[in-house]
Amino acid sequence: GCVLVVSVIEQLAQWHNSTVKAAMEKLCDYIPGKYQIMLHMSCCIDREMNADVVCHSLRLCKQDPGQPLCHLYSPPKREKHSSGLFHALAHARPKHQIISKSFMGFSSVCAFPLLANLCEKMKYVLRNKLPFEDFDGDKFSTFPTLRGYHWRGRDCDDKNTTVYPGRRPDNWDAKSDSNCNGIWGVDPKDGIPYEEKFCKGADSKGVVLLGDSAGAHFHIPPEWMTVTQMSAKSFANLPMAFSDELDWPQFSEITGFLNSTIGGWTDSLYLRLRKRNRCNHRDLQNISQNGIRGRLLQEIRSGLARNQLLDNPAIVIYATIGNDVCNGERDTLAHMTTPKEMLSNVVQALRYLDSHLPNGSHVILTGLVDGRFLWDNLHDRYHPLGQLNKDVTYSQLYSFLDCLQVSPCSGWLTPNETLRNLTSERALQLSNVLKEIARSEKFVNFDIFYMDFPLRQTAEEWRKMGGEPWQLIEPVDGFHPSQIAAALGTGITWQKALHEWPQVLGKENPFNDQIEAIFKDQGGH
């Protein structure tokens with residue numbers, strides 16, 4: 001975090017030909033109030049020192065005994081090897097000793113008093129995978145972030161626990177909207193409730209994603225660190241992004257429902273199901289978590305909102321596409337999920353789902369991605385932090401994160417081709433476990449299907465549209481699928497389901513146009 005902030009301040013000073021103090025003030029003007037506290041280290045920046053030197057001298061970055069000295073940038077010009085960095089540090093530390101002591105109490109962002117309240121809310125959300133603001137306790141909210149309606153359908157009455165998206169209508173919603181799909185009341189022409197007239201027998205169903213950071217749609221805006229494009233507008237989404245864990249589920253491949261503001265466009269399984277049957281409005285849940293592996297049972301238990309007796313069936317997408325082989329450990333192979341563990345974890349989760357999903361539901365298991373695509377398409381390209389001075393490639397970023405033991409995937413984000421191949425081999429083994437589960441396991445309340453993660457088809461589709469493969473990868477972390485990849489992946493998944501599992505998608509509702517017409521006539525209700 002220190003290296004990132006110091007890099008941006010130094011580059012701002014360079015781009016605007018100003019002092020570091022002026023650059024810091026400019027960045028403070030850009031960033032919303034309470035988040036400015038993270039910039040206060042900038043009092044110690046010397047433009048002659050690179051970000052690695054500044055952050056090590058402040059002891060915000062440290063070197064453990066016996067471990068290498070981690071750095072993002074090439075060592076200072078005096079000596080083109082690590083001793084050059086040691087030399088720079090020896091000269092920098094005396095200047096920064098007093099300042100570094102003032103930071104010792106702030107070992108994390110959450111230690112800053114102004115951010116402590118937000119962090120407490122975040123801890124609750126991360127622990128429970130539930131909306132922070134949910135007054136009736138039905139797991140749905142009228143608040144967008146902190147696991148609110150960006151993550152699951154918006155509640156339409158947060159004081160009534162029997163009113164929430166996805167439930168079967170109460171008395172055909174003649175008097176009120178019990179399932180929040182906007183369809184309620186009685187047609188004055190014939191006395192038949194609108195919900196009964198338009199949704200009875202329509203095979204309504206919701207969509208639930210059980211996933212990792214790719215499913216949550218992790219994204220750090222590149223404009224936060226690209227000084228040539230930086231303005232106050234660049235950071236307008238900072239508070240929302242932090243309170244959504246740097247995830248953007250409202251634009252994601254499975255549960256996206258808002259027009260993308262992070263590039264590309266939004267296309268999602270939820271939007272296509274809603275278009276197919278307008279009665280499915282708001283019936284979505286994204287139960288994904290950054291860093292989650294195959295052991296999803298606890299997240300499902302705490303986060304899933306489905307009543308087996310009262311609610312509509314659901315399409316559940318089970319997609320942990322990388323974290324079972326991805327970790328930041330030195331001996332990464334030893335920390336990967338084994339096929340035996342994968343089998344046990346997934347079957348346990350499926351048995352739990354069978355006891356909680358309404359009859360007539362469907363589960364789709366998604367295979368793991370082949371992450372060799374990442375290194376092959378990014379390693380020699382410049383990262384957003386390196387574009388101004390052509391001094392940081394993705395290869396350097398991956399090595400820096402690996403040195404810090406915080407790499408999102410040591411097995412794929414490495415120059416070691418053998419290790420990349422072994423990681424993909426394990427990913428294929430785990431995908432085969434999922435494929436076999438779909439083939440052999442039977443459940444009472446849902447049928448089960450398997451599909452490969454459609455990376456190859458997505459890349460082919462994007463090439464046909466004139467795109468480059470690297471544009472399918474998030475530019476800042478160099479690891480997650482981008483907004484373009486998410487939108488293209490939706491179309492591929494939909495076509496597969498349409499041709500191979502049409503029963504999963506349900507029937508097309510012949511009353512969709514009438515529903516929309518009445519919806520508009522009544523001012524959106």
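The values are calculated or read from the model by the stated rules, or taken from the named source; none is laboratory data. Quick caveat: nothing in here was measured; it's all calculated off a predicted structure. So basically every Cβ, Gly included, is an ideal-geometry build from the backbone, and we count neighbours across all protein chains shown. Side chains are part of the model used for accessible areas, which takes the heavy atoms of the whole protein and leaves out ligands, DNA and RNA. Shrake-Rupley method; radii C 1.70, N 1.55, O 1.52, S 1.80 Å.
Descriptive notes on the structure:
- So residue 272, is it under 24 Å from residue 321 (Cβ atoms) and in contact (Cβ under 8 Å) with a residue 40 or more places away in the chain: yes
- Lone unmet requirement of (1) open to solvent by 20 Å² or more (accessible area, probe 1.4 Å); (2) at pLDDT below 95; (3) small (Gly, Ala, Ser) for residue 201: (2)
- Taking (1) open to solvent by less than 10 Å² (accessible area, probe 1.4 Å); (2) β-branched (Val, Ile, Thr); (3) under 24 Å from residue 515 (Cα atoms) in turn, residue 227 satisfies each apart from (3).
- Taking the criterion of being assigned to a helix (DSSP H, G or I), of a type in the set (A, V, I, L, M) and surrounded by 22 or more Cβ atoms within 10 Å (Cβ to Cβ), the residues of the range 379-414 that qualify are 385, 397.
- Residues in the range 302-344 that are assigned to a helix (DSSP H, G or I), open to solvent by 60 Å² or more (accessible area, probe 1.4 Å) and closer than 27 Å to residue 398 by Cβ: 333, 334, 335, 341.
- In the range 53-73, the qualifying residues are those that are of a type outside the set (A, V, I, L, M), within 15 Å of residue 402 (Cβ to Cβ) and open to solvent by less than 30 Å² (accessible area, probe 1.4 Å), and the one that is modelled with the highest pLDDT is 70.
- Pairs, first over 20 Å from residue 274 (Cβ atoms) in the range 129-154, second open to solvent by 50 Å² or more (accessible area, probe 1.4 Å) and among the aromatic types (Phe, Trp, Tyr), C-beta under 7 Å, six or more apart: 131/143; 132/124; 133/143; 146/132; 147/132
- The range 443-486 - residue that is aliphatic (A, V, I, L, M) and open to solvent by 70 Å² or more (accessible area, probe 1.4 Å) and, of those, nearest to residue 386 (Cα to Cα): 465
- Taking the conditions (1) crowded, with 17+ Cβ neighbours inside 10 Å; (2) in contact (Cβ under 8 Å) with a residue 60 or more places away in the chain; (3) charged (D, E, K, R) in turn, residue 420 satisfies each one other than (2).
- Helices (runs of 4 or more DSSP H) lying entirely in the range 436-525 (those with 3 or more residues that are within 21 Å of the chain's Cα centre (by Cα)): 455-464, 483-500
- Condition check for residue 174: open to solvent by 10 Å² or more (accessible area, probe 1.4 Å), small (Gly, Ala, Ser) and at pLDDT 95 or above: yes
- For the range 497-516, the condition holds for at least one residue, the condition being that it is in contact with a strand residue (DSSP E or B) (Cβ under 7 Å, 6 or more places away or on another chain) and either farther than 30 Å from residue 222 by Cβ or not charged (D, E, K, R) (or both).
- Enumeration of residues in the range 222-254 that are hydrophobic (A, V, I, L, M, F, W, C), closer than 18 Å to residue 154 by Cα and in a loop (DSSP other than H, G, I, E, B): 248, 254
- Flag for residue 519 being assigned by the TED database to the domain that holds residue 221 and open to solvent by less than 50 Å² (accessible area, probe 1.4 Å): no
- Residue selected from the range 177-198 under the condition out of contact with any Pro (no Cβ under 6 Å at 6 or more places or on another chain) and small (Gly, Ala, Ser), by the criterion most open to solvent (accessible area, probe 1.4 Å): 191
- Residue list for the range 345-363, filter: open to solvent by 10 Å² or more (accessible area, probe 1.4 Å) and among the β-branched types (Val, Ile, Thr): 347
- Residues (open to solvent by 10 Å² or more (accessible area, probe 1.4 Å) and farther than 12 Å from residue 257 by Cα) located in the range 281-294: 289, 290, 291, 292, 293
- Residues of the range 9-33 satisfying the condition of being among the hydroxyl-bearing types (Ser, Thr, Tyr), surrounded by 13 or more Cβ atoms within 10 Å (Cβ to Cβ) and not in a helix (DSSP H, G or I): 18
- Condition broken by residue 254, with the remaining ones in (1) modelled with pLDDT of 95 or more; (2) surrounded by fewer than 22 Cβ atoms within 10 Å (Cβ to Cβ); (3) on the phi < 0 side of the Ramachandran plot satisfied: (2)
- Residue 440 touching a residue at least 12 places away in the same chain (Cβ under 8 Å) and either open to solvent by 10 Å² or more (accessible area, probe 1.4 Å) or under 20 Å from residue 480 (Cβ atoms) (or both): no
- Residues (in a helix (DSSP H, G or I), polar (S, T, N, Q) and free of Cβ contacts under 8 Å to residues at least 40 places away in the same chain) located in the range 170-221: 171
- Complete set of residues in the range 123-145 that are part of a helix (DSSP H, G or I) and either open to solvent by 50 Å² or more (accessible area, probe 1.4 Å) or at pLDDT below 80 (or both): 123, 124, 126, 127
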